[in-house]
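Read-outs: derived from the displayed coordinates by stated rules, not from any lab. What you see is a predicted model; the values in this text were computed from it and never measured.
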């Protein structure tokens, strides 16, 4: 199934076509989404926004957060038709524990359960030298990416445990030396992502017996290009071609719709 996820700058223009593509469909692969409750962090741009819009158009009720409520509401504004009613926007700075607690509390006022928590939010930090970032930037990057993921799980776990089909997705993306040579990310960003990955690994084991599945995505880099564009039409010929937003979204959908005794720990992406 081809889902039209697009560059952030042209996303609003094709939401109507996206809605038409999924109109009157509450299921994908035989699984209904119209009763799914989804939380997505970092949903104001790119992959997080694509996830929020994708699940909303498949019938799920989606609770999105960004560092400011204004940023989260921009995602809401990009959704067309009745799907807009299924997205709720919140401000939540993942480096601030009080805001995470408040986010969980407010979501709990809307719903008694969460079926899918997507930890997508992370503070990007650029720089190939330690001195390229200030102490405050380094601390905030680690707090929002690693600490934010831990606290999101901690405070949303009661709502997840109230679900009959709880899943946690972690967008780790980069980790370790395999990707270090191809990225301009700061050392602190790698440290934060490695901590996030380690947390996801142990969490997958410790929550498994209670029925909460935890899986992570590890694309080193990916494209958010328009499927209708020349760039998209040329996809497939380059052996170093990046994974697409569409591919990542479909991986999540695939994992979520598996039988509950199927535990997919991670998706790793490599150049073809």
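For this structure, a couple of remarks:
- Taking a ≥ b ≥ c as the square roots of the eigenvalues of the alpha carbon gyration tensor, the stretch 40-187 is prolate, as a/c is not under 1.5 and a/b beats b/c.
- Shape of the stretch 81-126, Cα gyration tensor, a/c cut at 1.5: oblate
- Take every pair of alpha-carbon atoms less than 8 Å apart whose residues are at least six positions apart; their mean separation over the length of the stretch 84-152 yields a relative contact order of 44 percent.
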